[in-house]
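Here is the structure we will look at, set down as structure tokens.
The values are calculated or read from the model by the stated rules, or taken from the named source; none is laboratory data. Quick caveat, the model's predicted, so the values are computed rather than measured. Positions of Cβ are generated from backbone atoms using ideal geometry, with glycine treated the same way; all protein chains shown enter the neighbour counts. Areas reflect the complete protein model, heavy atoms only, side chains present, ligands, DNA and RNA absent. Shrake-Rupley method; radii C 1.70, N 1.55, O 1.52, S 1.80 Å.
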Amino acid sequence: MKSLLLQGDTIKGLILLGGFGTRLRPFTLTTPKSLLPVACVPLVYYQFELLSKYGINDVVLAINPHCRKYRELFSMAKSLGIKLYLSCEKKPMGTAGAIKNAKKFLQDGPFFVFNGDILTDCNLTEMFHFHKNCGADISIAGVKVENPNHFGVMIFDQNNRIHNFIEKPQQPVSNIINAGIYIIQPDVLDEIPAGRETSIEKETFPQLIEKGRHVSVYLHSGYWMDVGTIENYRKANFDAVDGKMKIEYRKDHCTVSSAKNVQCEGKLKAADSVMFGKNVIIRGTVIIGDNCYIGNGSVLQDVILFKDVFIRQNCVIENSIVGNSVIIEENCEVKNIAIGDKCHLCPHTRTIES
Ligand code: GTP
């Protein structure tokens, strides 16, 4: 694919994939956050597509020692013309420590860094031009949020130069937060201590500003979602089905189903291998991964099913996320629940109304 970056620029990308993902448990107990499905496609695939779209074809994955599951990413990346390099940490190094640990891959020129848990259609060409034009040491993508008092906000001047970061501000000083996408000049790596856990947001950025280094904010106004919590993960899935994010993803993974026997009163995305019994009802937005079975008379409303989920007859599942290889026996009625991989719900399991 032709590079959309400035001619002659070869830029690398680094994706941070080594966090614990505690807020996305139980799913991250068995699957790394970046491999969790978003509308049937692993989250990191969207990042590969974005990078590839902008001609960033050399991508470093900063991962932790439990990295075996990432092997499947190589063929996925290759199909998009991306060459992957693994930078594996022996122990968790934090977001800046992980970047430092990948130094040997990143010394040729400015490089992009992505948090592995964001979904975005950020214009990387525009961000790169912004970075070059303002001569920054680091450019941070910033997004506007409604309730800045839950986040760390960035304080910057009319030239977009950042002067301060404030955690959970009580006063309305700024509503722009760090979107987890950075362009970093390679000499900044020398400012990060080696061999110890360091946070880029909490330590490196404030220290650089204190030293007078040029840290800028590039304002992104398109789609952005931090997929780090169950609620946001659910929203990201539904947004992907609704086409709110304007990057293309492989349509063969998950198609709008026109399955027989299904009374579809909402939006259904289902893998081709999904089988439906008779009189299944779909409401709200429903996403169903490979090799699932939905039994006669079951009703699904605002539900995400991972792969190999078996739901017997007359179940009602509402506002829930169901992990891989879950069996839900007949006549279950469950709502507002995140069910981890390999759970087995016996017949008539139900949630209790409070
Ligand atoms: P929580 O445990 O739910 O807070 O999630 P997390 O551990 O992923 O932390 P957080 O959401 O703050 O991390 C932001 C991004 O940085 C994610 O993509 C993480 O995978 C990544 N990350 C966090 N810590 C490390 C680390 O020590 N090493 C690497 N390689 N990546 C990290």
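Looking only at segment 83-135, how many residues end up being of a type in the set (Asp, Glu) and under 22 Å from GLY21 (Cα atoms)?
Of the residues in segment 83-135, the ones of a type in the set (Asp, Glu) are 89, 108, 117, 121, 126.
Filter once more, so that each one left must be under 22 Å from GLY21 (Cα atoms): 89, 117.
Adding up the residues that qualify gives 2.
Scan segment 120-143 for residues that are buried (at least 17 other Cβ atoms within 10 Å of the Cβ) and part of a helix (DSSP H, G or I) and jot them down.
Listed by number, the residues that qualify are LEU124, MET127, PHE128, PHE130, HIS131.
If you take the residues in segment 327-340 that are in a strand (DSSP E or B) and not hydrophobic (A, V, I, L, M, F, W, C), which one is farthest from PRO42 (Cα to Cα)?
Step one: filter segment 327-340 for residues in a strand (DSSP E or B), giving 327-328, 333-335, 338-339.
Those still in the list that are not hydrophobic (A, V, I, L, M, F, W, C) too: 333, 335.
Values: GLU333: 28, LYS335: 25 Å.
Per the criteria, the residue is GLU333.
Here's the yes/no breakdown for (1) at positive phi; (2) more than 23 Å from the chain's Cα centre (by Cα):
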{"site": "ILE281", "(1), (2)": "no, yes"}
{"site": "ASN319", "(1), (2)": "yes, no"}
{"site": "ASP341", "(1), (2)": "no, no"}
{"site": "LEU345", "(1), (2)": "no, yes"}
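Consider ILE162 carefully, then state whether it is of a type in the set (A, V, I, L, M), in contact (Cβ under 8 Å) with a residue 24 or more places away in the chain and either touching a strand residue (DSSP E or B) at 6+ places or on another chain (Cβ under 9 Å) or buried (at least 17 other Cβ atoms within 10 Å of the Cβ) (or both). First the steps, then the outcome.
Numbers: of a type in the set (A, V, I, L, M): yes; in contact (Cβ under 8 Å) with a residue 24 or more places away in the chain: yes; either touching a strand residue (DSSP E or B) at 6+ places or on another chain (Cβ under 9 Å) or buried (at least 17 other Cβ atoms within 10 Å of the Cβ) (or both): yes.
Against the criterion (of a type in the set (A, V, I, L, M), in contact (Cβ under 8 Å) with a residue 24 or more places away in the chain and either touching a strand residue (DSSP E or B) at 6+ places or on another chain (Cβ under 9 Å) or buried (at least 17 other Cβ atoms within 10 Å of the Cβ) (or both)), ILE162 qualifies.
Can you list the strands (runs of 3 or more DSSP E) lying wholly within segment 260-326 that have 2 or more residues being open to solvent by less than 10 Å² (accessible area, probe 1.4 Å) and modelled with pLDDT of 95 or more?
On the way: elements: 262-264, 267-270, 280-288, 299-305, 316-322.
Those strands (runs of 3 or more DSSP E) span 280-288, 299-305, 316-322.
Which members of segment 201-235 meet the condition of being surrounded by fewer than 20 Cβ atoms within 10 Å (Cβ to Cβ) and more than 20 Å from GLU167 (Cβ to Cβ)?
Of everything in segment 201-235, those that are surrounded by fewer than 20 Cβ atoms within 10 Å (Cβ to Cβ) and more than 20 Å from GLU167 (Cβ to Cβ) turn out to be LYS211, GLY212, ARG213, HIS214, LEU219, SER221, GLY222, TYR223, ILE230, GLU231, LYS235.
For segment 58-78, enumerate the residues that are out of contact with any helix residue (DSSP H, G or I) (no Cβ under 9 Å at 6 or more places or on another chain) and more than 11 Å from the ligand (Cβ to nearest atom).
Scanning segment 58-78 gives HIS66, ARG68, ARG71, PHE74, SER75, LYS78.
Say whether the condition of being open to solvent by less than 20 Å² (accessible area, probe 1.4 Å) and more than 8 Å from the ligand (Cβ to nearest atom) is met by at least one residue in segment 16-27.
yes
Taking the condition within 28 Å of THR204 (Cα to Cα), near the ligand (Cβ under 9 Å from one of its atoms) and surrounded by 24 or more Cβ atoms within 10 Å (Cβ to Cβ), does GLY97 pass?
Values: within 28 Å of THR204 (Cα to Cα): yes; near the ligand (Cβ under 9 Å from one of its atoms): yes; surrounded by 24 or more Cβ atoms within 10 Å (Cβ to Cβ): yes.
Criteria met by GLY97.
Go through segment 207-243 and give me each residue that's over 30 Å from ASP137 (Cβ atoms), away from the ligand (no atom under 15 Å from the Cβ) and among the hydrophobic types (A, V, I, L, M, F, W, C).
PHE238, ALA240, VAL241
Of the residues that sit in segment 106-119 and are within 13 Å of the ligand (Cβ to nearest atom) and open to solvent by 10 Å² or more (accessible area, probe 1.4 Å), which one is farthest from ILE15 (Cα to Cα)?
Within segment 106-119, the first condition is being within 13 Å of the ligand (Cβ to nearest atom), and the residues that meet it are 113-119.
Cutting the leftovers down to open to solvent by 10 Å² or more (accessible area, probe 1.4 Å) gives us 115, 117.
Working: ASN115: 6, ASP117: 9 Å.
Here the answer is ASP117.
Run down ILE352, ILE321, ILE304 and say which single residue is among the aliphatic types (A, V, I, L, M) and out of contact with any helix residue (DSSP H, G or I) (no Cβ under 7 Å at 6 or more places or on another chain). Steps first, answer last, please.
Details: ILE321 fails: out of contact with any helix residue (DSSP H, G or I) (no Cβ under 7 Å at 6 or more places or on another chain); ILE304 fails: out of contact with any helix residue (DSSP H, G or I) (no Cβ under 7 Å at 6 or more places or on another chain).
Every option except ILE352 fails the conditions.
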